[in-house]
Amino acid sequence: IFITFYSLLRIITLASGDKLTVMIATTLLLGSSYIFGDVVGMLLRDQGFWAFMLTAMVFFIKFHREGQLKDAIYWQLFAIIAMLFRIEAFTYIALLPFILLTKPEISIRERMMLLLKAHLLNIAASVLIVIAMFMHESILLTDLGRIREIFSAFSDIERNFSAHIAKRADLMALH
């Protein structure tokens, strides 16, 4: 819980919050019966997820501001560890870095480089998994645990898209 509170307060500081804002946030966190009555129970069950995801967000914000590779690597490491607790963190890992494409003060080439940096470990891990699966045919998608849920989600999207296109084609053939 300490890491979660620390990371949340650090995000407030990174968002230009002063000491008074941090103190008020701490009071709200500790003084709210909803947070301590309901949410802390969730935090206790999912404390690993929240601790690592909020810490990942701290480093992502720093990376967004400064563009340093070390912050990008820390962002990815903490987000990947958060994904070990809850597979839903994959959504953050995959989609959050696309916010970097909205930075108007830098060129599109620099934005793409930032996006690549923000996904460097993810790309490397994906390549290693694919290589391992090809080199060792005994490794199946089912051996990857909950990671296979990610691939099955993509196949569901593909199936639904294909069915939608087929329906459209049938309708167009009738006209």
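The values are calculated or read from the model by the stated rules, or taken from the named source; none is laboratory data. Just so you know, these numbers come straight off a predicted model, no measurement behind them. For the accessible areas, the whole protein counts, side chains as well, though only heavy atoms, and no ligand, DNA or RNA atoms are used. Shrake-Rupley method; radii C 1.70, N 1.55, O 1.52, S 1.80 Å.
Quick one: what are the phi-derived ³J(HN,Hα) couplings along the stretch 10-25, Karplus 6.51/-1.76/1.60 with θ = phi - 60°, whole Hz, x for glycine and proline?
5, 4, 4, 5, 5, 8, 6, x, 8, 4, 5, 4, 5, 5, 5, 4
With a 1.4 Å probe and all protein chains left in place, how much accessible area per residue does the stretch 67-108 have, in Å²?
56
Rounded, prolate or oblate: pick one for the stretch 1-137, where a ≥ b ≥ c are the square roots of the eigenvalues of its C-alpha gyration tensor, a/c under 1.5 means rounded, and failing that, prolate if a/b is larger than b/c, else oblate.
Oblate shape, in that a/c is at least 1.5 and b/c is the bigger or equal ratio.
On the full set of protein chains, 1.4 Å probe, figure out the accessible area of S162 and give it in Å² to the nearest 10.
60
Could you pull the accessible area for L69 with a 1.4 Å probe, rounded to 10 Å²?
We get 70 Å² for L69.
Please calculate the 1.4 Å probe accessible area of D71, with all protein chains present, and give it to the nearest 10 Å².
0
Would you list, by chain and number, the lysines whose Cα falls below 27 Å from the Cα of K103, excluding same-chain residues fewer than 8 positions away?
Answer for K103, where 27 Å is the Cα cut-off: K62, K70, K117, listed by chain and number.
Let me check against my output: what whole-number percent is the relative contact order of the stretch 75-139, with C-alpha pairs under 8 Å and at least 6 apart?
On the way: 32 pairs, mean separation 18.8, N = 65.
Result for the stretch 75-139 is 29 percent.
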